[in-house]
Amino acid sequence: MSRTCSLERLLVVGNGMAGLRLVEELLARSPDRFAVTVVGKEPEPTYNRVLLSAILAGDLTREDANLRPVSWYEGQCVTLVTGDPVASIDAAARSATLASGRNLEWDRLVFATGSEAVRLPLPGIDLPSVATFRDFVDLNVFERLDPGQSAVVIGGGLLGLEAAFGLSKRGVNVTLIHLMDRLMERQLNSSAANLLRDAVEARGITVVLEATTAAIEGSEHAEAVRLTDGKVIPADLVVCAVGIRPETTLAAAAGVACERGIQVDDTLATSADGVYAIDECAEHNGSCYGLVERAYEQAKVLADHLAGNDQARYTGSVVATNLKVSGVNVFSAGDFLDDEGCEAIVFRDPGVPSYRKLVLRRDGGSESARLVGAVLFGDVAGSLWYLELIRTRMPVDHLRPDLIFGRAFVDEAA
């Protein structure tokens, strides 16, 4: 059982990876300041959603994705509520009502509600065998397919690719359709995207680009996907992986300022006194971040602030993307386009295949170039170093002869 503590009451709404990281960070800084309650809508404690594709492929089990057992919460003055989500919040009275009718009072509240998957407004989108790819519930639908059956994945972004790779590894015949002219168009330039398409197709996945879905056909369940050009693709399962939107429903209903996401300042505070937001649901300076690493950065800053560090500030994050599935490794960060005033360093070995592009910029006429973007395909060694160079805006002219080959080569040359 959790300890009974007469401490400031902190309610974390959302038991995802960001909510758990906030609790961990806060306990490390100020273990005796808050009585923490974490409320999640799923019946399981927090698990690593990044591993869903590996679980689907059979490379890992659901148990491998568990982050903290229930026993971890016990004895730390942390109360965990699962399967009973928050239904409404009264910010003025500082209370929350759960779906069961249970009432929780709080002194401070953190929204860590993440995001919800976008479902296209298509005929047939509500058929039972149409799913998104966000949680264990979706995984249950995927795992009903037998080898040799067919699946269509709508969306060639990160989640769509992970779903396609996982299904293909199970022996399912997968067709990946994408609206744009290249895969991961927000994260990759055309050269890297072409290599990615080759790698996807080499694993038996059919890729159809510049394809618009008109309808999902079927009566009792999905049977096919029809495109606007008239093409019909058979499907026993349809996966809608076309994006996410910040989950702001609770916050907006409570009168908290929301636009695309829940509006937060540099301390992650919202417009309501004592209320904060982190994770994909939070919007900071016009940006919502859909990757867990950015949520972890926010969790650290908010933990510092809640623990009494008045200087703690969140100034935004460099957007970085990793795809590591079935031997396909992709990394991108920052501004990787050839904008005016930028210089690109490119390395490509089609025989491996391996591709690297680094983008440098000289700000304000400065003589010192800085790394502002990177795209790596195949060999992604050094990706974290490149990301750190982008974040710190460190001058790189002295590294330029060896920069494209990564940190290990630079260190050896030095």
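In table form, for the structure just shown:
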{"read-out": "Residues within segment 201-222 that are of a type in the set (Val, Ile, Thr) and either surrounded by fewer than 14 Cβ atoms within 10 Å (Cβ to Cβ) or in a loop (DSSP other than H, G, I, E, B) (or both), tallied", "value": "2"}
{"read-out": "Counted residues, segment 225-242 - those being closer than 20 Å to PHE165 by Cα and in a strand (DSSP E or B)", "value": "7"}
{"read-out": "When residues of segment 346-378 are limited to those that are among the charged types (D, E, K, R) and exposed (fewer than 15 other Cβ atoms within 10 Å of the Cβ), the one nearest to GLU297 (Cα to Cα)", "value": "ASP363"}
{"read-out": "Residues (in contact with a Pro (Cβ under 7 Å, 6 or more places away or on another chain) and closer than 30 Å to LEU11 by Cβ) located in segment 99-153", "value": "ALA99, SER115"}
{"read-out": "Only listed residue being in a loop (DSSP other than H, G, I, E, B) and open to solvent by 10 Å² or more (accessible area, probe 1.4 Å), chosen from GLU25, GLU42", "value": "GLU42"}
{"read-out": "Unmet requirement for SER95, which otherwise passes all of (1) open to solvent by less than 30 Å² (accessible area, probe 1.4 Å); (2) touching a residue at least 24 places away in the same chain (Cβ under 8 Å)", "value": "(2)"}
{"read-out": "Index of the failed condition, PHE331 passing every other in (1) modelled with pLDDT of 90 or more; (2) over 22 Å from ARG203 (Cα atoms); (3) buried (at least 18 other Cβ atoms within 10 Å of the Cβ); (4) not charged (D, E, K, R)", "value": "(2)"}
{"read-out": "Cβ-Cβ under 8 Å pairs, at least 6 apart or on other chains, segment 379-393 side crowded, with 17+ Cβ neighbours inside 10 Å, far side at pLDDT 90 or above and in a loop (DSSP other than H, G, I, E, B)", "value": "LEU389/VAL396"}
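The values are calculated or read from the model by the stated rules, or taken from the named source; none is laboratory data. Everything quoted here is computed from the prediction, not taken from an experiment. Cβ: placed from backbone, ideal geometry, glycine included. Neighbour counts: every protein chain shown. Surface areas here come from the heavy atoms of the whole protein model, side chains and all, with no ligands, DNA or RNA. Shrake-Rupley method; radii C 1.70, N 1.55, O 1.52, S 1.80 Å.
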